[in-house]
Structure formats: C-alpha cells, structure tokens
Amino acid sequence: MENSFSGKKVLLTAGPTYEPIDPVRFIGNHSTGKMGYALAACFAAHGAQVQLVSGPTNLAAQHPAIQVTSVTTADEMYEAVKLLAEDADIWVFAAAVADYKPKVAADKKLKKSDAELTIELVKNVDIAAALGKQKRADQFSVGFALETDNEGENAKVKLQKKNLDMIVLNSLRDAGAGFRHETNKITIIEQEATTLFSLKHKDEVAQDIVNLVWERLHA
Ligand code: CTP
C-alpha cells in the first residue's frame, strides 16, 4: 500500500476532557473528537497500530488495529499517555484538553445557597509539553493549535515549547472549520515549512496530515 505505516505504532489523543466540579457537573469544551478519530482510522488504514486515548465522545473506533483507552479528565489522559508513549513511533495530540480544572472537586453536589459561586481553577498538566521533554530523536510528534490572531508566529512558539515536529493549525477565521463542523481548514506549520490546505471533510484532512507525516518520515 502507498504511504504504508506498517510496523509503526501511533499514539493519539482525542476528544475533550471533563474536569469535575462536583459529582454532577464538570468543565468541558465542544470538542467532538472527530478529527482525532478520523486520524486514528486513517493511520490504521495505512497499516499502523494505533493507541487512541480518548476523552468522552459519542464516537467508536471501527478498525481492529485501533485500541481505545477511554479517559475523562486531563490527569487520566496524561496517565494513560505516559504508559504508551515510549513504545510509540508517532505521537499525535489531537485532544482538546481543558487548560484548567477545579482546584477541588466537591464530593457532594453543590447547593445553590449563595447568590454568587466562585470556583477556583488550577492549570492542568500540558500533556504534549510534558511528553515533549522525553521525546527521542526517532520519535515524531504532531500537535494541534487553534489561533485567532498572529497564527503563524503563535504556532511556531508552540512548536518549540512542546517540542513538536509539526503543528496543525486550525483557523477560526474560516467558516466551516473547527469544532462542531464536519469540515476543517488547516495549515501545517513546521520549523522550516508552512503548508496550506483548502477546506475539506475531516476524513480528507486526516489523510493530508497522514501523508505529510509519511513524507517527513521518509525524507
Ligand atoms: N495540549 C495537551 N495538554 C494540554 C493542553 C494542550 O496535550 N493540557 C495539546 C493539544 O492536544 C494540542 C496542543 O497541545 O495538540 C494545543 O496547545 P494549546 O497550548 O492548548 O493551544 P491552544 O488550544 O491553541 O490554546 P492557547 O493558545 O490558549 O494556549
């Protein structure tokens, strides 16, 4: 098969994370996980063994070469990823990890007793950045970014900060791109290259990303 990933192991994060406030409430985001699941399917179709660490989604991975680990919070996602990272050749961080979590999750449902409620938030672990510190020269990593301004520059900073080889930039300026859409318009930023793609279905976007990763691994 063309662009074969046969013998390669891919570790992917996908979906949102939910950070509990109390037993019935959480902080989350609108990520559906579609982009991550499309990437998992695409890598698997090209012969890779895929470990998909997924936050809460309605999606199911169909390919037998995809093994799913379901998690809820960023901390759980990090723990799962840590166990799988060393063994993987390619890391793809497609999850929309919540940047903050409540400092304490109440063990009983919060009552609406006061007119105001303040929830103290603390930063979550940056999974991509933490993993970036232990990346070997033979491993390749891909991250995602969502920028509204200074897109290229901000993406370059993220590339370095998280020790990524490639960053897939979603622009919110483009109609039909990003959360809750079937389509996406991406720009792939690397240290020495910027590649622009047109608006397309997320399955085709996944194929574009997989193709470029393959090219870089075979350069
Ligand atoms: N990421 C992660 N762990 C986090 C936050 C982000 O692994 N706690 C990964 C995402 O999966 C994605 C990339 O890092 O690949 C996104 O980085 P982030 O700094 O969160 O970028 P934005 O979402 O664009 O947000 P911001 O610019 O507000 O930092």
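Listed here are the residues, each with its yes/no results for (1) more than 10 Å from the ligand (Cβ to nearest atom); (2) modelled with pLDDT of 95 or more; (3) closer than 19 Å to residue 30 by Cα; (4) open to solvent by less than 50 Å² (accessible area, probe 1.4 Å).
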{"site": "133", "(1), (2), (3), (4)": "yes, yes, no, no"}
{"site": "141", "(1), (2), (3), (4)": "no, yes, no, yes"}
{"site": "146", "(1), (2), (3), (4)": "no, no, yes, no"}
{"site": "155", "(1), (2), (3), (4)": "no, no, no, yes"}
Self-check item: Evaluation of residue 33 against (1) among the small types (Gly, Ala, Ser); (2) at positive phi; (3) touching a His at 6+ places or on another chain (Cβ under 6 Å) (one fails), failing number
Solution: (3)
Exercise. Could you check, for the range 104-119, whether at least one of its residues is within 16 Å of the ligand (Cβ to nearest atom) and either open to solvent by 60 Å² or more (accessible area, probe 1.4 Å) or touching a strand residue (DSSP E or B) at 6+ places or on another chain (Cβ under 9 Å) (or both)?
Key: no
Quiz item: Since residue 31 meets every condition but one in (1) assigned to a loop (DSSP other than H, G, I, E, B); (2) more than 10 Å from the ligand (Cβ to nearest atom); (3) of a type in the set (Gly, Ala, Ser); (4) under 30 Å from residue 119 (Cα atoms), which condition does it not meet?
Solution: (2)
Practice problem: Mind listing just one residue for me: the one in the range 52-67 that is within 14 Å of the chain's Cα centre (by Cα) and more than 11 Å from the ligand (Cβ to nearest atom) and, of those, surrounded by the most Cβ atoms within 10 Å (Cβ to Cβ)? | Solution: 52
Quiz prompt | Hits in the range 18-40 (condition: closer than 19 Å to residue 170 by Cβ and buried (at least 19 other Cβ atoms within 10 Å of the Cβ)) | solution = 31, 32, 33, 34, 35, 36, 37, 38, 39, 40
Quiz item: Restricting the first residue to the range 1-26 and requiring it to be more than 21 Å from residue 39 (Cβ to Cβ), which pairs with a second residue that is among the acidic types (Asp, Glu) meet a Cβ separation below 6 Å and a spacing of at least six or different chains?
Solution: 26/19
Quiz item: Could you say whether any residue in the range 162-178 is outside any loop (DSSP other than H, G, I, E, B), among the β-branched types (Val, Ile, Thr) and either more than 27 Å from residue 47 (Cβ to Cβ) or away from the ligand (no atom under 15 Å from the Cβ) (or both)?
Solution: no
Quiz item: Would you say residue 87 is closer than 14 Å to residue 10 by Cβ, open to solvent by 90 Å² or more (accessible area, probe 1.4 Å) and in a loop (DSSP other than H, G, I, E, B)?
Solution: yes
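The values are calculated or read from the model by the stated rules, or taken from the named source; none is laboratory data. Note that this is a predicted model, so its numbers are computed, not measured. Reconstructed Cβ throughout: ideal geometry from the backbone, glycine too, with neighbour counts over all protein chains shown. The area values use the complete protein model at the heavy-atom level, side chains included, leaving out ligands, DNA and RNA. Shrake-Rupley method; radii C 1.70, N 1.55, O 1.52, S 1.80 Å.
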